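Report on the following structure.
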Amino acid sequence: MKHAEILLTGIVQGVGFRPFVKRTALKHSIKGYVENREFGVKIIASAQKNNIEEFLLDILNNAPAVSTILTHSIQYIESELPDFETFEIAPSKKKGEISALIPPDIATCDQCAREISDKKDRHFSYPFTNCTNCGPRFSIIQSIPYDRKNTTMKKFIMCDDCNREYTTVSDRRYHAQPNACQKCGPELRLIEIIDEKPVATERRERAFDKTVSLLQKGKIVAIKGIGGYHLVCNAVNAEVVKKLRTLKYRPQKPFALMARDIKTIEEYCEIHKCEKEMLQGQQKPIVLLNKRNNTLDHIAPGVKALGFMLPYTPLHYLLFKHFRLLVFTSGNISEEALENNDDSAYQNLANITKYYLSYNREIFNRIDDSIVTFADTQQILIRKARGFVPKPINIKKGAENPQIFAAGADMKGSFGLTKENIFLGSQYLGDLAFTSNMEFYRESLNYFKSIFEMKPEVVIADSHPNYFSTQFAQDFADEQGLPIHNIQHHKAHIYSVMAEHDLENVLGISFDGTGFGDDGNIWGGEFFIIKNIECERFAHLNYLPMVSGARAAKEPWRMALIYLFKYYPEAVNSIIPEDKFPQKDMIFLQLLNDTVKLQTSSMGRFFDAVASIIDVCHYNSYEGEAAMKLEAFADENFSEYYHFEFDKQRSLINVSKIIRSIVQDIKEDRSKEYISSKYHFTIARMVFDLCKKMKSEYGIDSVALSGGVFQNVVLINMIKRVFANSDFTLYWNENVPPNDAGIALGQVYSYLLKSR
Ligand code: ZN
Ligand code: ZN
Ligand code: FE
């Protein structure tokens, strides 16, 4: 028999960690105890040495999804300890259990879900039931330490029953800060807008019942959730979905769905093992799943996936006793910030709905639903928010690191802060071109700075001079008298992957829609060599004149015209007919006169152009629409490809042959499926061919791929297939999104690499 002391730090309190340790201990026949300490969790384990080792490994590998273990240590104790007969959760030594890290919001656990449907349980049908293992966290925490008095629960005084649970060590609700019940906790109310004024018309069960009947009648209801409002309606009622599209100015963009259970989702989508685990886990994000049929095409027209989530609050569970499937889309206007404040919601959503199922607890931090997709078993975070924020990422460089504020980028706002070896990324903050999102950005930064007690010493921003985030960072640095560094957008994308895998030398493939290049052009189809701290642009997609600027990004037919003009002018008239695109002549004239100075090498725009050329999508009503619709036509097992040329002298990739062959294939009546598949595989081949060239020159075989284009699952799977039996190792983003919301981590890492 051995005794070992195991110390764990990170997010290990307030996330159901101790019960997990106890379960794991029983599994490995470990005796002893676990207790919360100021630094994290301490475990005393008594067993055979190999049992203890397996026990620790099990803990490290299978810790609750919302927890984060930053460091662990194990030490065998020589001195005599009492012989333990059981494994117990010890009462806390210190009140408050100070931990500088706060947990993310956790989806309702199975036991709480069971209790709210149990007529004999005192939590029966109470919509704010929670326990030590589940419930709101980040969204309600106002300051540290994480104690009830520092949350928006402070105004609710616990009743005797709740208090007993809260103070009983053996209870599931021991120290559950948001603990509440029907008698003492928050309550539902239905707000209706009557004569332009919000009026609370019903409370408690009656508010709930009325909501159910409104939804059954085909109305849209705004429902207050964990991190903000949702707009909810019947998903199979095509009429109300259409109405919601019109009112939300979202003609085509997919809506998220919430379903009662896995079985319901399976009627519409294929679900693989890791997708199922993610759907049912503690984070409960929206998971993008391949459609099985076209029954719900009105929810997500023209794309291959539907976004599903399962109920994650008691209120959701109660609702889904009456429904199987509901639209659960973010309660905001188009791309504006999510509504969390009641009064502002009543005002800003007034054009969409008159009905609000609300409750009298404030959401302190607004946070949207996260979105996850999978390429085979590889997890891709599309939107990092509820359940994933504020989980720290270990940046593994010394404690000497200065504290850094990395401002991120604009298209998908998200900043990052560092302290010692910890990186904390903000929740998804939306497109920073909108004033409400800028406000959200400021609000969130102030929160993060105060709650994690951070005082940035260095500021890093994108090199785009006109980004809100860049200008904000500049002002911030000026005010505080701090040094500021600007890092090129696409390089930062690659550094974000390097940070996640602790890499120093890589071949970097950075594909996205827009980013300010070192030469003032718009980059986005970039191949980098990062070696010995230096970053060199090895190759890029050949430049094209960005006629009509930002509008070209909104209207793929403009990019199609630009591509055709450059590579196949004879085909312009047949592919882009005058009667369909009357503004065509204007662009044509500008191209002829060669007046456009701004050039682009964007891969995102190349996808747009091809989507339009083969008549899949000519206008982007939401970001990435054309690319997603093009992807929907592609078969990932396809293996034919178009030829392209690499001009070594000028380090550029000439795609003339790709464009000409695509037009040829159209003339030969090849299907959209054929052309799209072939085009996708061409890009996969392009990545592989260029990597071989770069490797032969620089001897590097680690490949880091990032940028918004790498949300394309077909492309990712094709790339993996092409590289399968090669000497290369591919690295992807795992814990930050490959899109612009992941850039702050790259900004930090680039600075740290250079300053070591
Ligand atoms: Zn629970
Ligand atoms: Zn109570
Ligand atoms: Fe980007």
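Pick from T71, T86, T108: which is touching a strand residue (DSSP E or B) at 6+ places or on another chain (Cβ under 8 Å), more than 20 Å from Y174 (Cβ to Cβ) and not hydrophobic (A, V, I, L, M, F, W, C)?
Values: T86 fails: more than 20 Å from Y174 (Cβ to Cβ); T108 fails: more than 20 Å from Y174 (Cβ to Cβ).
Selected residue: T71, the only one of T71, T86, T108 that is touching a strand residue (DSSP E or B) at 6+ places or on another chain (Cβ under 8 Å), more than 20 Å from Y174 (Cβ to Cβ) and not hydrophobic (A, V, I, L, M, F, W, C).
Would you check which residues across segment 163-178 are open to solvent by less than 40 Å² (accessible area, probe 1.4 Å), of a type in the set (S, T, Y) and either away from ligand 1 (no atom under 14 Å from the Cβ) or not in a loop (DSSP other than H, G, I, E, B) (or both) and list them? Residue satisfying the conditions is Y166 alone. The single condition from (1) open to solvent by less than 70 Å² (accessible area, probe 1.4 Å); (2) more than 30 Å from L288 (Cα to Cα); (3) out of contact with any helix residue (DSSP H, G or I) (no Cβ under 9 Å at 6 or more places or on another chain); (4) not in a strand (DSSP E or B) that I226 fails is (2). Can L730 be described as open to solvent by 10 Å² or more (accessible area, probe 1.4 Å) and either in contact with a helix residue (DSSP H, G or I) (Cβ under 8 Å, 6 or more places away or on another chain) or polar (S, T, N, Q) (or both)? In short, yes. Number of residues in segment 486-524 that are assigned to a strand (DSSP E or B) and either within 16 Å of ligand 2 (Cβ to nearest atom) or open to solvent by less than 10 Å² (accessible area, probe 1.4 Å) (or both) equals 6.
When the residues of segment 683-730 are filtered to those that are within 18 Å of the chain's Cα centre (by Cα) and in a strand (DSSP E or B), the one that is nearest to ligand 3 (Cβ to nearest atom) is S706.
Residues of segment 160-191 that are within 13 Å of ligand 2 (Cβ to nearest atom), in contact with a strand residue (DSSP E or B) (Cβ under 7 Å, 6 or more places away or on another chain) and within 22 Å of P103 (Cα to Cα): R173, A176, P178, P186. Of the listed requirements (1) over 12 Å from Q711 (Cβ atoms); (2) touching a Gly at 6+ places or on another chain (Cβ under 9 Å); (3) not small (G, A, S); (4) not in a strand (DSSP E or B), F405 misses just one: (4).
Taken over segment 408-444, the criterion of being in contact (Cβ under 8 Å) with a residue 40 or more places away in the chain and outside any loop (DSSP other than H, G, I, E, B) is satisfied by G416, T418, I422, F423, G425, S436, N437, E439, F440, S444. Kindly indicate whether any position in segment 525-545 is in a strand (DSSP E or B), of a type in the set (G, A, S), surrounded by 22 or more Cβ atoms within 10 Å (Cβ to Cβ) and at pLDDT 95 or above. Looking through segment 525-545, at least one residue is in a strand (DSSP E or B), of a type in the set (G, A, S), surrounded by 22 or more Cβ atoms within 10 Å (Cβ to Cβ) and at pLDDT 95 or above.
Which one of these is assigned to a helix (DSSP H, G or I) and out of contact with any Ser or Thr (no Cβ under 7 Å at 6 or more places or on another chain): S358, S334, S344? Outline the logic, then answer.
Working: S358 fails: assigned to a helix (DSSP H, G or I); S334 fails: assigned to a helix (DSSP H, G or I).
Within the list S358, S334, S344, the selection yields S344.
L630 meets the stated requirement of being touching a Ser or Thr at 6+ places or on another chain (Cβ under 6 Å) and in a helix (DSSP H, G or I). Filtered by the rule that a residue be out of contact with any Phe, Trp or Tyr (no Cβ under 9 Å at 6 or more places or on another chain), modelled with pLDDT of 90 or more and part of a loop (DSSP other than H, G, I, E, B), segment 37-72 gives a lone residue, Q48. Considering segment 138-178, the residues that are aliphatic (A, V, I, L, M) and within 23 Å of N340 (Cβ to Cβ) include one that is nearest to ligand 3 (Cβ to nearest atom), namely I141. When segment 179-223 is limited to residues that are in a strand (DSSP E or B) and among the acidic types (D, E), the one that is nearest to ligand 3 (Cβ to nearest atom) turns out to be E192. Pairing each residue of segment 123-144 that is open to solvent by less than 10 Å² (accessible area, probe 1.4 Å) with any residue that is within 12 Å of ligand 1 (Cβ to nearest atom) and of a type in the set (D, E), provided the two are 6+ apart or on different chains, yields C-beta distances under 8 Å for H123/E115; T129/E115. Scanning segment 363-418 for residues that are of a type in the set (S, T, Y) and within 16 Å of ligand 3 (Cβ to nearest atom) yields a single hit, S414.
The values are calculated or read from the model by the stated rules, or taken from the named source; none is laboratory data. Model, not experiment: these values are computed from the prediction. Counting neighbours? That spans all protein chains shown, and the Cβs are built from the backbone with ideal geometry, glycine included. Quick note on the areas: whole protein, heavy atoms, side chains included, nothing else; ligands and nucleic acids left out. Shrake-Rupley method; radii C 1.70, N 1.55, O 1.52, S 1.80 Å.
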